[in-house]
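**Q** A single structure is presented below for examination.
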Amino acid sequence: MATLAQTTMPAARQLRTIIVTGASSGIGAYCARALKAEGWRVFATARKPEDIAALEADGIETFYLDYREPGSIEALVASVLERTGGRLDALFNNGAYAQPGAVEDLPVAALREQFEANLFGWHDLTRRIVPVMRGQGHGRIVHCSSILGLTPVRFRGAYSASKHALEGLMLCLHQELAGSGIHVSLIEPGPVTSKIASNGLFWFLKNIDHENSVHRADYQAQLARLRAGGSTSRLKPGPEVVHTALRHALLSRRPRPHYVVTVPARIGATLKRILPASMLYRLLARRA
């Protein structure tokens, strides 16, 4: 089987312009800087002024974007297309957050907000870019999903639901764009070093009544883990593993629909295929 490096296109055919969302830290920040170093013209997005300033200091053209604000999506697309003469080679949807909490403790408003940030905004941005790529006859659209979009885990219902929905929506788009020259791929990382866990602490405290929940004892361990910045493991790599998959999805002659990234994610995807459902979910519940 060919490796990721062996199946990429020659340098003369590489794509050159890309929007990378959620570039304030973690996966997005790493990929934006790595692609810039590789010769791409990167249009990155972030929400906080200090994060925008840090990216601009590294020579990256950066814009404000909040997926929950349709106006910021419209403004981003207009600004980028003005700078590129109406063309764009690639889009990497990445910006997201994780709302922790048991499903029975999850307010409907919190679930709606999770979907606004993790799905509806991605859909809005993608729909604005597809006609551009159709007009030029080529393009790559890559979504940073999650292994939780394939194998759900307790206390991650809101995030898992948003990623399950993303998988279904964008795999339909993948099929609908067949023959157009536009390729859609999903990257499904397992645990990767980032701020998603520490950022999740804010949403947990905001939306989950953990003191009065039947899951109070479990939440104590969850809180400790969130305050520590997430789980620690030798199997938890840095964001460079996502960049490797992203690079293949952008440059390969035959980009894959799915890129399952990290050892735990590959184990989870394999177990889903081979285990009876009841056994799989009992196993996953022990790991939450």
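**Q** Could you calculate the FRET efficiency of S278 with R112 from 1/(1 + (r/R0)^6), where r is the beta carbon distance between them and R0 is 30 Å, rounded to 0.05?
**A** On the way: r = 31 Å, r/R0 = 1.04.
Here the calculated transfer efficiency is 0.45.
**Q** In addition: To the nearest 0.05, what FRET efficiency results for R254 and L169 with a Förster distance of 30 Å applied to their C-beta separation?
**A** Step by step, r from the Cβ atoms, then E = 0.85.
**Q** Mind listing which GluC sites (Glu not before Pro) in region 28-61 are in a DSSP loop and have 15 or fewer other Cβ atoms within 10 Å?
**A** Those satisfying the criteria are E38.
**Q** Compute the relative contact order of the chain as a whole-number percentage, counting only Cα pairs closer than 8 Å that sit 6 or more residues apart in sequence.
**A** It comes to 21 percent, rounded to a whole number.
**Q** Which percent of the Cα-Cα distances in the chain go past 25 Å?
**A** Roughly 46 percent, once rounded to a whole number.
**Q** How long is the gain from A78 to R227 if the chain were fully straight, where each residue apart is worth 0.36 nm and the alpha carbon distance is subtracted?
**A** In short, 49.8 nm is gained.
**Q** Please list the equivalent ellipsoid semi-axes of region 96-193, computed as the square roots of five times the alpha-carbon gyration tensor eigenvalues, in descending order and whole angstrom.
**A** That gives 28, 14, 10 Å for the three semi-axes.
**Q** Okay, next question. Select from region 198-285 those trypsin sites (Lys or Arg not before Pro) which occupy a DSSP coil region and have at most 14 other Cβ atoms within 10 Å, ordered by residue number.
**A** The qualifying sites are R234, R253.
**Q** In addition: By how many nm would the segment from E240 to R154 lengthen if fully extended, with 0.36 nm per residue of separation less the alpha-carbon distance?
**A** Taking 0.36 nm per residue and subtracting the Cα distance, the gain is 28.2 nm.
**Q** Out of all DSSP beta bridges in the chain, what portion is antiparallel? Express it as a percent rounded to 5.
**A** If I count the DSSP bridges inside the chain, around 5 percent turn out antiparallel.
**Q** When DSSP beta bridges are limited to those with both residues in region 131-288, what percentage is antiparallel, rounded to the nearest 5?
**A** If we restrict to bridges inside region 131-288, about 0 percent are antiparallel.
**Q** How high is the relative contact order of region 142-200, in percent, with contacts defined as C-alpha pairs under 8 Å that are six or more residues apart?
**A** Over region 142-200, the number comes to 47 percent.
**Q** How many percent of all Cα-Cα pairs in region 156-267 sit more than 23 Å apart?
**A** Counting every Cα pair in region 156-267, those more than 23 Å apart make up 44 percent.
**Q** I would also like to ask the following. Would you mind computing, in nm to one decimal, how far apart the modelled labels at E56 and R68 are, each placed 7 Å from Cα along Cα→Cβ?
**A** Each label point lies 7 Å from its Cα, and together they span 2.4 nm.
**Q** Between 0 and 90 degrees, rounded to the nearest ten: what's the tilt of helix 216-227 against the longest Cα principal axis of the chain?
**A** 40
**Q** If I fit a long axis through the Cα atoms of helix 196-207 and take the longest principal axis of the Cα atoms of the chain, what angle between them do I get, 0 to 90°, rounded to 10?
**A** Relative to the chain, helix 196-207 is tipped by roughly 60 degrees.
**Q** Could I ask something else about it? Explain nothing, just compute: Karplus ³J(HN,Hα) = 6.51 cos²θ - 1.76 cosθ + 1.60, θ = phi - 60°, for every residue of region 48-56 in order, whole Hz, x for Gly and Pro.
**A** Using θ = phi - 60°, the values come out as 8, x, 5, 6, 4, 5, 5, 5, 5 Hz.
**Q** Could you check how much of the accessible area of the chain is carbon and sulfur, as a whole percent, using a 1.4 Å probe?
**A** Numbers: 7420 of 13490 Å².
Exposed carbon and sulfur together represent 55 percent of the surface.
**Q** What Kirkwood hydrodynamic radius do you get for region 17-118 when you take the inverse of the mean 1/r over all pairs of distinct Cα atoms, in Å?
**A** By the Kirkwood definition, the hydrodynamic radius is 14.4 Å.
**Q** What percent does the relative contact order of region 155-288 come to when contacts are Cα pairs within less than 8 Å and at least six residues apart?
**A** Once normalised by length, the contact order is 34 percent.
**Q** State the Cα centre-to-centre distance between region 55-120 and region 151-182 in whole Å.
**A** Using only Cα atoms, the two centres lie 16 Å from each other.
The values are calculated or read from the model by the stated rules, or taken from the named source; none is laboratory data. None of the values given here were measured: they were computed from a predicted structure. For neighbour counting, all protein chains shown are included, and Cβ atoms are generated from backbone atoms with ideal geometry for every residue, glycine included. With ligands, DNA and RNA removed, areas are computed over all heavy atoms of the protein, side chains included. Shrake-Rupley method; radii C 1.70, N 1.55, O 1.52, S 1.80 Å.
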